[in-house]
Structures are given as C-alpha cells and as structure tokens.
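Structure first, then comments.
The values are calculated or read from the model by the stated rules, or taken from the named source; none is laboratory data. Computed from a predicted model, the values in this text were never measured in an experiment. FYI the Cβ positions are ideal-geometry reconstructions off the backbone, even for glycines, and counts take in every protein chain you see.
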Amino acid sequence: MLDKVVFYFFAGLAVISAILVVTRRNAVHSAIFLITALLATAGIFLQLRAEFLFIVQIILYVGGIMVLFIFVIMLVNLDVALHQVQFNRQWFVASVLALVLAAQVFFIFYAAQRSEPGRDTLGLPPAVAGRLTPNTELVGQTLFRNYMVPFEIASILLLVAMIGAVVMAKRRV
Amino acid sequence: MIPTSHYLFLSLALFTIGVVGVLTRRNVIIILMSIELILNAVNINLVAFSRMLGSVDGQIFAIFIITDAAAEAAVGLGIIIAFFRNRETVLADEMDILKW
C-alpha cells in the first residue's frame, strides 16, 4: 500500500513538473521544475530499490548538472529572451507528431496485452523479489567485473567532454 | 508491488513531454533540459526492467546514461556560451550562420 502511494505520488509529481518544464516562459522556472522532476525520478529509483542510483541521481543530476544549467542561464541575457516568442512556428505540427508517436507506442503496449494468470497487463512477469538487496555492493561488483572496459571508456568520455567544454567556453582559442 | 507496465507508461509520458519540448521550444537551454527529461525516461525503464529481471545490469546502463548526460550537458552549455558571445542570442531559429 505504501509502495503504491509512493509510486503514484512521485509519478504524478514527475509528469506535472515535466509539463511545466516545457511550458514555462522563464528559463529559471523551467530549471527549478526540472529539478523537481529529477528529484521525483530519484524517488522512483528508491521505490524500485535502486539505492545507489537514487544517490547518484541526486548528487550528479541535481547537484552537478542543474547547477551548471542555472549558471549558464544566469550568464546569457535573460531579460531579452523573456519578451520574445517562446515557441517556434511549427509548434502545433510538432506537438501533434509527438502525440502520434506516443499513441503508437501506447498501441504497441495495448497490442501486447495478455491475460495470463500472475502477469500484469502487458504480459510481463512479476518482479523477482529480494535479488537486488545489497544493492550498492552488487552494482560495484558488476561495474568493476563485467563492465570494466565500458567504465574506463566512460572515464575517457568525461575527460574529453571536460576538455571540450573548457576549450569551447574560452574567450580566445 | 507495482507492475512493471506502470513504469513503462510513466516513462512513455515523460519521453513524450521531452520530445514536445525539444521540437517546440525556441530557447536552446530549454531544449537541452528537455533532452535531460528524455534521458530520465529511459533510465526509469532500465531500472524497472532491472528489478523485473532481478539483475543489476540495467542499473549499470542507467549509470552510463547519467555519465553521458553529464558530458552532453557540459559540452552543450559550452557551445551555448560560445555562441551567445558571438551572436547575442539563445534562440534556436536564429542560429542560421550555416544557412545560405
């Protein structure tokens, strides 16, 4: 019961703040609502028993990436952009096409409906309980045993991104 | 216990909102924020399937996606700063130097 309350609370919070992110005029308000959406996603990770990702989501997204976003919003001129038209000319066609995409995926979900006992509406089996319990420990072991090479490649990617960002934002190259 | 399909529907909703944001907004910073929303929707799917299968691999993929999001945000915001210094605008449809 508590599980359901937590899930639907965070799901509703995530969807509402996501809608506000794309509709607000002021970029700072969008950033604040994006922080709410990311925190709600972190809550859903916690509800899914992914404690390590919950912490990573808060520290990295909310503490790192969003601070960067707000820095850049403050650096670029806010007042000029505030009085301009916020949506481009093809906004109606684009929204309709995005909704058509959502309807297609929804239809795929609908077509996958099966009524087997013990399965949910999409015919997916129920979750295996208790297999991910020492979560951080399991993530660490898998990351450093099975995914060692991708981990190192990710570190090189971060190094390249760091150098690229510094070079890009420098005044004179 | 919440069935896995509910996580898929939540992820679909967040993904669609992100796509609408990318396609309709003019402010490049808000377009980048919408991309972050899309990446989050994918992460919810990965973690939900990770719990459904009882395997931790989906969470590892989510960690890699968060890494990519950090790299993308750093480089993208660097590009925005460099562009703003040259053209004094953050609107996507005024970025037309390459148009001939």
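One line per residue, one yes/no per condition, for (1) hydroxyl-bearing (Ser, Thr, Tyr); (2) farther than 21 Å from residue B:74 by Cα; (3) not assigned by TED's automatic domain parsing to the domain that holds residue A:32:
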position	(1), (2), (3)
A:72	no, no, no
A:81	no, yes, no
A:110	yes, yes, yes
A:144	no, yes, yes
A:147	yes, yes, yes
A:154	no, no, yes
A:158	no, no, yes
A:163	no, no, yes
Q: Identify, from the list A:69, A:7, A:54, the residue that is within 14 Å of the chain's Cα centre (by Cα), part of a helix (DSSP H, G or I) and modelled with pLDDT under 95.
A: A:54
Q) Assuming residue A:84 fulfils every condition listed in (1) free of Cβ contacts under 8 Å to residues at least 60 places away in the same chain; (2) in a helix (DSSP H, G or I); (3) at the interface with chain B (Cβ under 9 Å from one of its Cβ atoms) apart from one, which condition is it? A) (2)
Q | Test for residue A:68: is it facing chain B (nearest Cβ under 9 Å) and out of contact with any strand residue (DSSP E or B) (no Cβ under 6 Å at 6 or more places or on another chain) | A | yes
(Q) Which count do you get for residues in region B:31-47 that are in contact (Cβ under 8 Å) with a residue 60 or more places away in the chain and at the interface with chain A (Cβ under 7 Å from one of its Cβ atoms)? (A) 0
**Q.** Those residues of region B:53-65 which are surrounded by 20 or more Cβ atoms within 10 Å (Cβ to Cβ) and touching a residue at least 12 places away in the same chain (Cβ under 8 Å), in sequence order
**A.** B:58, B:59, B:62
**Q.** Pair list, Cβ < 8 Å and 6+ apart or interchain, from region A:129-155 residues that are more than 8 Å from chain B (Cβ to nearest Cβ) and more than 16 Å from residue B:64 (Cα to Cα) to residues that are of a type in the set (Lys, Arg) and surrounded by 10 or more Cβ atoms within 10 Å (Cβ to Cβ)
**A.** A:133/A:49
Q | Every pair of residues 6+ apart whose Cβ atoms lie under 7 Å, when the first sits in region A:5-28 and is touching a residue at least 60 places away in the same chain (Cβ under 8 Å) while the second is outside any loop (DSSP other than H, G, I, E, B) and surrounded by fewer than 17 Cβ atoms within 10 Å (Cβ to Cβ) | A | A:25/A:82
Q. When region A:13-32 is examined, which residues are found to be more than 9 Å from every other protein chain (Cβ to nearest Cβ) and part of a helix (DSSP H, G or I)?
A. A:13, A:16, A:17, A:20, A:28, A:29, A:32
